[in-house]
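Below: the structure, in C-alpha cells.
All of the numbers you see were taken from the coordinates with simple rules; none came from a lab. None of the values given here were measured: they were computed from a predicted structure. Cβ placement follows ideal geometry from the backbone for every residue including glycine, while neighbour counts extend to all protein chains displayed.
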Amino acid sequence: MIGGGIILLLAHNWYMIPRLVRTVISLIPLLASQIFAFNVIIKKRWGFAVKESAALFLQLMILSSISLIAQIYHLPGDLEQLFMIWTFLSIPICYLLKSDLSFTLSLAGAVTWALFDRGNSGTAALYWVFFIALLPYYLAGFMKDRGSNQSLFLTWIIIISFCFSLAFSFIDIRMVDHGFWLIAYSAFFVTLYLLENEIRIDTGNLFKKPFLKAGSLGIGFLSCILFTYSWFWENAGIGKSGGTGKYFPAAAGIDYFIFALLILAPVFLLLKNIKKNPLVNAAHFLMLPLAALGYLYPDNAKYVFQIYSIVLSFSLIFDGVKKNKASLSNWGIFLAAVLIITRFFDEELSFITRGIAFLVLGLVFVGVNFLFYSRKNIRGLK
Amino acid sequence: MIKTAPVIFLILAMIQLSVPMYIILSKEIILTAGKVFKFETLPVDPYDAFRGRYVSFRIANTIVTPEAGFDNDETVYALITNGTNGFSYFYKVRKDRPSGQDYIRTRIDYAERGYVTIAIPFDKYYIEEDEAAAAQSGSDHSGRGTNERAYVGVRVLGGEAVLEELYIAGLPVMQYLKRTNR
C-alpha cells in the first residue's frame, strides 16, 4: 500500500522541478526498496509478511522508476518493453526473498508482456523462457509440501497462467490450421483431470484438489457449452486459415512441441492409472479424441459433443452413486443442466423437448439425493 | 564466509538500477550533444493511466514516398531535412543505416502502394495534470488561422530522438501557459 501510494504521488506530474533533480528523485524509491529488501535478506528473523512486503515494494518501485524516467524524457508508452524489462528484473526477487507474491506478479508480468507482444504481431516465445525460469521456485515449494497453503495457491496460479499462455501460444499454429487450439485446450484440461490420480492435494479447504477442479471445470465448460454450438466449429478444420497475421515457423515449432506434450501426457496418465476410476477417467479422456475428431470433421461435431456431455454427466452420476459421493453425482447433474440451459440459445429444440429434459433431470437430481439421504440414515441407524 | 543470497541480491540491485540509469544517461547524451530539429505538430488528446496527463500530438509530415517496398512494422531509417518554412520534415526512408546524414531509427506504421507512414517516437509531452488541458487546447488551435502555431524541439543523435520542448506560439509550453493565464 505504501508502494502504491508513492507511485500515485509521483505519477502526478511534477513539471516545475528541474529535470536532473526529477531523475534523482525517481530513483530514490527504488533505492529505498532495495535497502529494505537487502535488510530483510541479511536479517533472517523477518517473517513471511515482511518478506512478501519487501518483495512487492521492490517490484512496484522498479516499475515506477522506469515509468517516471520515461515520463521525464517524454518517451512514447512502450508497455511491451516495460513489462519485458520488469518481468526480467522481477524473477530473481521471488527466489531471493522467497516470495509467492513476487512469483505471482512475475508470472502475471510475463503473461501481460506476451499479450502485448502478440498484439504487436510478435511471437511471445520469450514467455516460455520466463515460465521456465519461474518453474523451479514452484516445484521446490511443491516438493517440500504440496498440501501447504502457499503451494496450493501457486498451483492455482500456474494453472490459471497456463489457461492464458495456451491462448497466445497457439496463434502460430492457428495461422495455418484453425482449430488446433481447441484440441490443445481439451488435452490440457484432460491432463489436469487425470493428474488427480497421480498428485492428490486434499487439504480440506476450499481450494483443495486444484488439478481435479480445474480439469473438471475446463472439460465441463468446453464440452457442455462451447463445443455444443455450430458457430464454434464453423472455421475449424484442416487447411482453414485462422488469421491473416505473420506466421513465424520457429515460434510455431515451440507450439508444436507443447502440443505434442499435451497430447502424450493424458494418454500416458490414462494408461498408467487405467485401474483407478476406469469409468470416469475414460469418460473424461474421451473428450480429447472427440475434439480431434471434431477438428477433422467439424460439420457434426456439435451433436457429438451434445451426446458426449450426456455420457459424461451420467458417468459422473453413476460413479457418485457407486462410491456414495453426492458431490460427484451432483456435479454430473449440474453439467447435464448446463447442457440443457445452453440449449435455450439453440433454436433447434422445441420448448416441449426442453421442458421434458428439465423435468427428467430434476427427477434424477431428487432421486439421487434421496438415495444418498437414505443411505446416510441407514448407516446412522446401524 | 560470504553468504550467497546477499551478494546475488547486490548484483541484482545493480542491474535493477542500471536500467533507469541507462535510460537517463543515453537520453542526457542526446539532449546535450544531439542536433536540434523543429517539427510542426497537428492536434489530438488522451489519458495515460500509468504516467498521468500528457499532451498528445501528431507530427505534420510523416508520410514519405519510398524508393523501395516496405512492410508494416518494418524497421527503417527516416532521413530528416529542414524545410524553407523553418520546420524539419522526413523526406526519405531507407532500410540501411545512413552515414553523414541526419536520421532517426523507427518503424513503418502503415505501408501503402506509393507511400509509407512512419511511426514517430516523440508524440507525447508529459506535463502537470491541470496544465495538460490548457496546453492541449493551445496545441489544437495551431495552424488554424491563429498565431498559436505549435511545434516540438527534438534532439537527434545516432538515429535516436529525444523530445526537448513543446512550443506554442513560439514559447515553451509552460511560459506560454503563464503568459496566457491558462
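List of remarks:
- Long-range HN-HN contacts of B:E74 with modeled amide H, under 5 Å: B:I108
- FRET efficiency, A:V129 to B:T84 (Cβ-Cβ, R0 56 Å, nearest 0.05): 0.60
- Put simply, the C-alpha atoms of chain A give a gyration tensor, and the ellipsoid matching it has half-axes of 45, 28, 19 Å, longest first.
- Shielding by partners - mean other protein chain Cβ count within 10 Å, residues of A:71-82: 6
- Working from label points 7 Å from Cα in the Cα-to-Cβ sense, the A:V311 to A:S121 distance is 4.4 nm.
- With a Förster radius of 30 Å applied to the C-beta separation of A:L363 and A:K208, the computed FRET efficiency comes to 0.45.
- Proxy reagent accessibility, fewest Cβ within 10 Å first, across A:S121, A:S186: A:S121, A:S186
- Extending 7 Å from Cα along the Cβ direction at A:S374 and again at A:L20 yields two label points whose distance is 8.9 nm.
- Each residue of region B:119-126 is assigned a 3J(HN,Hα), and the resulting list reads 6, 9, x, 9, 10, 9, 10, 7 Hz, derived from the Karplus form 6.51 cos²θ - 1.76 cosθ + 1.60 (θ = phi - 60°), x at Gly and Pro.
- Helical contribution to [θ] at 222 nm, DSSP H n ≥ 4, -39,500 (n - 2.57), averaged over chain A, rounded to 500: -26000 deg cm²/dmol
- For the pair A:W156 and A:N324, a Förster radius of 30 Å applied to the C-beta separation gives a FRET efficiency near 0.60, rounded to the nearest 0.05.
- Neighbour-count order for A:L134, A:L264, A:L82, A:L58, fewest beta carbons within 10 angstrom listed first: A:L264, A:L82, A:L134, A:L58
- Normalised by the number of residues in chain A, the mean separation of alpha-carbon contacts (under 8 Å, six or more apart) gives a relative contact order of 12 percent.
- Residue exposure proxy: A:T123, B:T117, B:T32, ordered by other Cβ atoms within 10 angstrom of their Cβ from fewest to most, comes out as B:T32, B:T117, A:T123.
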